[in-house]
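This is the structure I want to talk about, given as structure tokens.
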Amino acid sequence: MPVPGGLLDWRDSSHFRWDAPCTLCRTPTPLRSHAGEPVHKACAEAWLADHPVEARLGRFVSDPQPKRRDDNGHA
Ligand SMILES: [Zn+2]
């Protein structure tokens, strides 16, 4: 669930492809959303802030966070 005004975590290399026009500002970006939409991370974050209702549909979401390993193995 995206947090309004929160920052996206798109560190995974799958977000970086060739330059294509951003669907929001129309200038080239190598970034892709999880759905393969060319979009700047900053544009996606601005869109989430401006569209809190649509944001809940999951158009732009952060990468899944790795599970914390420190919580295991201490039993
Ligand atoms: Zn853009």
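A short reminder: the numbers here are calculations on the coordinates, not readings from a lab. These numbers come from a predicted model, not from an experiment. Every residue, glycine as well, gets a Cβ built from its backbone with ideal geometry; the counts of neighbours run over all protein chains shown.
Work out the FRET efficiency for residue 23 and residue 62 from their Cβ-Cβ distance, taking R0 = 22 Å, and round it to the nearest 0.05.
That gives a FRET efficiency of 0.75.
What nm value, rounded to one decimal, do you get for the distance between residue 51 and residue 35 when each label is placed 7 Å out toward the C-beta?
Placing both labels 7 Å beyond Cα along the Cβ direction yields 0.7 nm.
Moving to a separate point now. Which far-off residues, 5 or more places away or on another chain, put their amide H under 5 Å from the one on residue 20, with H placed in the peptide plane?
Here the answer is 29, since their amide H atoms fall under 5 Å of that of residue 20.
Amide H of residue 8 versus every other amide H placed in the peptide plane: which residues, excluding those fewer than 5 positions away on the same chain, fall under 5 Å?
none
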